[in-house]
Structure formats: C-alpha cells, structure tokens
Amino acid sequence: MKTTALIALTTLATTSTAKLGQPAVDTMLYERLASINDLTWDVVEPSANKFRFTTMAQLKSIMGTQVAPVSGKLIPNNWETSSAAALPKSFDSRDKFSTCEQSIRDQMHCGSCWAFGAAETLSENLCISGELTGMKSLSPQDMLSCDSSDYACKGGELSSAWNYLESDGIVTDDCLPYTAGIGQVDRCPANDKCSADSIDSKWKKYKCDTTVNELQDANDIKNGVMQFGTAETAFTVYEDFIHYKSGIYKHDSKNGGNVLGGHAVRIMGWGTDETAGDYWVVANSWGSSWGENGYFKIAFDDTASGFADAGAYNCGDLQQGATVVTDPSQM
C-alpha cells in the first residue's frame, strides 16, 4: 500500500456555518435509505439514532481523514507461503480469542478514535501473546494526554500512534481512565502517578516490544487478525454511515454523498454473504448501543469508503502467513 491514514480534525471551512449547526441526523436521508429495496444493510430510525441530539459540527469534530505517505515497517510481499494453512472464508476473532476480547467503548465528544483503536488493538494483541493478563485494558487516555506527536481530541496519525506504542507504551485503563469524553484533555500526569481512583495504583507502561506490523493488503490483514486477534485501520465516513443499524454496509454516492471525515476502527474478522459478497467484521468506538452491539460489517468492495486502503496496524511476531485461497475445493 502506498498510503496510510492520518486521523485528524476535518477542516470545517468548506462547509457552511448553517450546515454545521443543523442536526446530524437527516430524516430525508433516512427515508431515502429506508425505501431502497436492495440495500444490503438496515437503517436505524431517527428517534433511535445515537446522534439524534448531535449537530453536524459536533459529529465532524470526532472524525477527519487525510492521506499521507506510508511510514513504518512494511511486511515483505513474499512473506506469504502456500505451505501455510489456507485462509478460511470466514473468521471472527471474538470466537477464537474470546478471553482477550475488548469491550466496546464510547469515545463520546472527542476525536479519539485513533487512540481507542490503537490502545484496544495493543491490549488484545498483548493478551493473545501472553504479555497482558487478567483481562486488563490499556489506556487510550495515556495516548491523548502524553503522546505529543499526535493531537489528542483533534486527531492523531496511525503511524505515529504506533510509534508511541513501540517507544513509550501506555499504562492500563485502571491507571489512567478515560476522561476526555467532553472534548477536554488532561495533562500528562507528573511523576508517573496513576489516577487517584486507580485500584492497583501501579504505573507500568506496556509496549509493543516485538514488531509493529503495517499490514499492507487484505491478505496481510487477515493473517494478522488470525494470529493476534485484531488490527487498527481507518476509512472515510460518509453521512449515510451514521444511519447504520445492521447488515453489510456499502456506500453509494447516490444515497448520501457528504463526507464527514475519517475514522479509526478495529478489524475483528471477515465473512461472505450470498448477496453482499465478502465483508469485514469491525469494532467501532461509538458505544454498544450503536450498530450491531457496537460492531459493523463493511463490504470488501466499498471502494468509496476506502476501508483499509491505507493498511492496518497490530503488534506481534507474525508467523509465515497463508496465501489467498481462490479455489473452493482447497477449503
């Protein structure tokens, strides 16, 4: 892949002040989506939409995407081998690695999706490798308060976020719980002290001490998720996406073409559907009341959203991976 996602505050100057003050949930867009018979995903009623009390400006402030040149360690194109086990047609890390699964959380009114995606990905990766025990979760607040190379609630670059996880590491969520949901970020704690409410009060940084993997394509991502449970990626969010309830999302420019910005999420698996085709299984950071209990599915061929076009990140020493299986008889 020749690009990587930079999650940053969307420039609002291109959108009128009136538009930004409007409700984020467009009832006319909802009605248009609900009337499409062959839509591969279900829409949520406006009265039940998580963002029904949110303005367009508030919604845009938690998202944004720009494209920057790739930086980081790339996996060689020849790392895959036909002698490895064949890739399955479907996989869900929530089943294979259920004891390491991270709970769905809500970033609220802060553009912290990049930090949630990174912290939760590392949490699961280290749990699977045995370096993080006791169902601990690592702290996105650490990245917001202490990672000076990123922009806290205004966004962060995935490659620099993972550089921080590799060089500095982050403490547990118990040590530094999330407090930036109102859009204000606390200073990095002085003298390496946990929050006063911390149960164990132990300041310990957890790093990616093995390898930060930049998974370049769908095949790399599948191998990375199969071995270490999840990987962080980014995509462009369009206005229709906030109406998602269930099913396999695919953006169609005829149905809501306004770009809201970019968003960082975690890939948990993949599958295939007779009607919609192949899709990714994804964990969001908008709370468990959104989508499919906080998760969503998105079509592989949703080129408009650019899902995972810039690759994905996770931590761990990957074993030589499987090649793509195109012949069903090989399954």
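If the condition is being over 26 Å from SER47 (Cα atoms) and among the charged types (D, E, K, R), then the range 272-292 contributes ASP273, GLU274, ASP278. Has the range 182-203 got at least one residue that is buried (at least 16 other Cβ atoms within 10 Å of the Cβ), touching a residue at least 12 places away in the same chain (Cβ under 8 Å), of a type in the set (S, T, N, Q) and closer than 21 Å to ILE267 by Cα? No, because not a single residue in the range 182-203 is buried (at least 16 other Cβ atoms within 10 Å of the Cβ), touching a residue at least 12 places away in the same chain (Cβ under 8 Å), of a type in the set (S, T, N, Q) and closer than 21 Å to ILE267 by Cα. In the condition set (1) touching a residue at least 24 places away in the same chain (Cβ under 8 Å); (2) more than 22 Å from MET63 (Cα to Cα), SER98 is compliant with all but (1). For the residues ASP278, ASP240, the requirement of being charged (D, E, K, R), in contact with a Ser or Thr (Cβ under 7 Å, 6 or more places away or on another chain) and over 24 Å from SER159 (Cα atoms) singles out ASP278. Screening the candidates VAL171, VAL212 for the property of being within 17 Å of the chain's Cα centre (by Cα) and either open to solvent by less than 10 Å² (accessible area, probe 1.4 Å) or within 30 Å of PHE91 (Cα to Cα) (or both) yields one hit, VAL212.
For the range 251-272, filtering for residues that are in contact with a Gly (Cβ under 9 Å, 6 or more places away or on another chain) and either open to solvent by 10 Å² or more (accessible area, probe 1.4 Å) or not in a strand (DSSP E or B) (or both) leaves 1. Filtering the range 118-145 to residues that are at pLDDT 95 or above, over 17 Å from the mean Cα position of the chain (by Cα) and closer than 18 Å to SER198 by Cα leaves ASP142, SER145.
Inside the range 299-331, can you point out the residues that are within 13 Å of ASP217 (Cβ to Cβ), modelled with pLDDT under 90 and open to solvent by 20 Å² or more (accessible area, probe 1.4 Å)? Residues satisfying the conditions are ASP309, THR323, VAL324.
The values are calculated or read from the model by the stated rules, or taken from the named source; none is laboratory data. Being a predicted model, the structure only gives us computed values, none of them experimental. Heads up, the Cβs are rebuilt from the backbone with ideal geometry, glycines too, and the neighbour counts pull from every protein chain shown. Just so you know, the surface numbers come from the protein's heavy atoms only, side chains and all, with ligands and any DNA or RNA stripped out. Shrake-Rupley method; radii C 1.70, N 1.55, O 1.52, S 1.80 Å.
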